[in-house]
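Undergrad: Handing you this structure, nothing more for now.
The values are calculated or read from the model by the stated rules, or taken from the named source; none is laboratory data. No experiment lies behind these values; they were computed from the predicted model shown. Cβ coordinates were reconstructed from backbone atoms using ideal geometry, including for glycine residues, and neighbour counts include every protein chain displayed.
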Ligand code: PGA
Ligand code: ZN
């Protein structure tokens, strides 16, 4: 057995140039674990709360208080604990915090420490993290959802839909899926430049286009797949993250870029037409975080042929997943560790999905770093899909590249992608 000797934190910088928390856990054996908390921009109201300093400095985003929470409270609290007891470690941090939303010590502090403990345990075991998590279970690489165009809160002034993603489900390996998406990404960039519509890249590395409409971005994505020599719907399909909480107000969905407003029925009609007209396999947060009725209607109408993901709608919270999915809302769940704040609660969210036949997708945040923990969680826990943003910028590429290393380590590859990729495929 190996025990926690010390837990320290430091402020480091994320992909938006904002401070975030890195935790470093040392064991009595000398083994060490390091992890960095990510940060969202289009965050759900139900997420565990980050602790930020407030005030003038760094637009209030400083993390000195969160760093102190680790050094002065969480570290002493965890000292001497068995590193293999992740559930006990996470529970001790939750009770030290004492709030329902982790706001006292901060979900950023707690997430970083929880993940750093997991890394330390895998180092102690002498195993890669994914293998430490999988045990003897056979695992394979997840299918990526990769952003080609970014909008919404990640590209202010662009289109309203947040992510237009490529899903290379026809690929026969993780490596091939990345190569295909690289071709699509570069084809999309070339077309935008030729049309004089490129404005650089959005927060997650997708192109920040000047499209006249949201549907225009979908059309451009279909063309980019074709230009890459791939078959839309056969080799590569489309996923959308509507992140609709961002433009929901007083019962209506407002698209600023098109000066349009929809009620629930109109929005569902539009989605239904899009699903008919384009090779869309997955839609996330199509209705707002508390629009249960909207999500139920969408799942009822389209859930037999489409992955309907809740992100802000579920916030990786197991009881909320059980309750809302039990009411017929969504057939898949986005899994983001920092939405709930600990590894064990993230695992509980995943178990809840499995018990209910819901699909799951491990996901990064829009503010990321070189931390690759989520790739190991996805592989080690046998999650079929992974979403980490686009195919540019090293905080994204670090994750894709880590997946390539793991695929190589796995050696004998299992069939790819997972045979039961989308939850709606098992029930039909
Ligand atoms: P966020 O966006 O990290 O800004 O919340 C990611 C997503 O909505 O999936
Ligand atoms: Zn989302």
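Undergrad: Assess whether residue 323 counts as being away from ligand 1 (no atom under 15 Å from the Cβ), on the phi < 0 side of the Ramachandran plot, in contact (Cβ under 8 Å) with a residue 12 or more places away in the chain and part of a helix (DSSP H, G or I). Break it down stepwise before answering.
TA: Values: away from ligand 1 (no atom under 15 Å from the Cβ): yes; on the phi < 0 side of the Ramachandran plot: yes; in contact (Cβ under 8 Å) with a residue 12 or more places away in the chain: no; part of a helix (DSSP H, G or I): yes.
In short, no.
Undergrad: What number of residues in the stretch 18-54 are without any contact (Cβ under 8 Å) to a residue 24 or more places away in the chain and touching a strand residue (DSSP E or B) at 6+ places or on another chain (Cβ under 7 Å)?
TA: 0
Undergrad: Give the stretch 275-286 a look and list any residue that's closer than 19 Å to residue 152 by Cβ and either within 16 Å of ligand 1 (Cβ to nearest atom) or surrounded by fewer than 17 Cβ atoms within 10 Å (Cβ to Cβ) (or both), or say none.
TA: Initially, the stretch 275-286 is screened for residues closer than 19 Å to residue 152 by Cβ, giving 278, 280, 282-286.
If the condition is that a residue be closer than 19 Å to residue 152 by Cβ and either within 16 Å of ligand 1 (Cβ to nearest atom) or surrounded by fewer than 17 Cβ atoms within 10 Å (Cβ to Cβ) (or both), then 282, 283, 284, 285, 286 are the ones that fit.
Undergrad: Hey, another quick one. Could you count how many residues in the stretch 133-159 are in contact with a helix residue (DSSP H, G or I) (Cβ under 8 Å, 6 or more places away or on another chain), buried (at least 20 other Cβ atoms within 10 Å of the Cβ) and at pLDDT 95 or above?
TA: Adding up the residues that qualify gives 8.
Undergrad: While we're here: How many residues, within the stretch 172-197, are surrounded by 17 or more Cβ atoms within 10 Å (Cβ to Cβ) and in contact with a strand residue (DSSP E or B) (Cβ under 8 Å, 6 or more places away or on another chain)?
TA: Residues meeting the conditions: 10.
Undergrad: Do the conditions hold for residue 316, that is, is it within 18 Å of the chain's Cα centre (by Cα), surrounded by 24 or more Cβ atoms within 10 Å (Cβ to Cβ) and within 16 Å of ligand 2 (Cβ to nearest atom)? So that I can check it myself, show each step before the final result.
TA: Values: within 18 Å of the chain's Cα centre (by Cα): yes; surrounded by 24 or more Cβ atoms within 10 Å (Cβ to Cβ): yes; within 16 Å of ligand 2 (Cβ to nearest atom): yes.
Spelling it out, residue 316 is indeed within 18 Å of the chain's Cα centre (by Cα), surrounded by 24 or more Cβ atoms within 10 Å (Cβ to Cβ) and within 16 Å of ligand 2 (Cβ to nearest atom).
Undergrad: Do we have residue 243 as within 26 Å of residue 142 (Cα to Cα), touching a helix residue (DSSP H, G or I) at 6+ places or on another chain (Cβ under 8 Å) and within 16 Å of ligand 1 (Cβ to nearest atom) here? So that I can check it myself, show each step before the final result.
TA: On the way: within 26 Å of residue 142 (Cα to Cα): yes; touching a helix residue (DSSP H, G or I) at 6+ places or on another chain (Cβ under 8 Å): yes; within 16 Å of ligand 1 (Cβ to nearest atom): yes.
Considered against the rule, which asks whether it is within 26 Å of residue 142 (Cα to Cα), touching a helix residue (DSSP H, G or I) at 6+ places or on another chain (Cβ under 8 Å) and within 16 Å of ligand 1 (Cβ to nearest atom), residue 243 comes out as yes.
Undergrad: While we're looking at this one, here's another question. Report every pair of residues separated by at least 6 positions or lying on different chains whose Cβ atoms are under 7 Å apart, first residue within the stretch 272-292 and under 18 Å from residue 304 (Cβ atoms), second within 12 Å of ligand 2 (Cβ to nearest atom) and in a helix (DSSP H, G or I).
TA: 286/244; 287/244
Undergrad: Any residue in the stretch 20-43 that is under 25 Å from residue 100 (Cβ atoms) and part of a helix (DSSP H, G or I)?
TA: no
Undergrad: Residues to consider are 70, 12; find the one that is in contact with a helix residue (DSSP H, G or I) (Cβ under 7 Å, 6 or more places away or on another chain) and crowded, with 16+ Cβ neighbours inside 10 Å.
TA: Numbers: 12 fails: in contact with a helix residue (DSSP H, G or I) (Cβ under 7 Å, 6 or more places away or on another chain).
Step by step, each of 70, 12 is checked, and only 70 is in contact with a helix residue (DSSP H, G or I) (Cβ under 7 Å, 6 or more places away or on another chain) and crowded, with 16+ Cβ neighbours inside 10 Å.
Undergrad: Taking residue 268, is it at pLDDT 95 or above and away from ligand 1 (no atom under 16 Å from the Cβ)? First the steps, then the outcome.
TA: On the way: at pLDDT 95 or above: yes; away from ligand 1 (no atom under 16 Å from the Cβ): yes.
So residue 268 fits the description; yes.
Undergrad: Do we find that residue 234 is under 22 Å from residue 143 (Cβ atoms) and away from ligand 2 (no atom under 16 Å from the Cβ) in this structure?
TA: Working: under 22 Å from residue 143 (Cβ atoms): yes; away from ligand 2 (no atom under 16 Å from the Cβ): yes.
Here the answer is yes, as residue 234 does meet what is asked.
Undergrad: Of the conditions (1) within 16 Å of ligand 2 (Cβ to nearest atom); (2) within 16 Å of residue 279 (Cα to Cα), residue 162 fails just one. Which one is it?
TA: Of (1) within 16 Å of ligand 2 (Cβ to nearest atom); (2) within 16 Å of residue 279 (Cα to Cα), only one is false for residue 162: (2).
Undergrad: Additional query: Would you please name the residue that is nearest to the chain's Cα centre (by Cα), looking only at residues in the stretch 362-385 that are within 12 Å of ligand 1 (Cβ to nearest atom) and farther than 19 Å from residue 33 by Cα?
TA: The residue in question is 363.
Undergrad: Could I ask something else about it? Which numbered condition in (1) at pLDDT 95 or above; (2) within 19 Å of the chain's Cα centre (by Cα) is the only one that residue 126 fails?
TA: Going through (1) at pLDDT 95 or above; (2) within 19 Å of the chain's Cα centre (by Cα) one by one, residue 126 breaks only (2).
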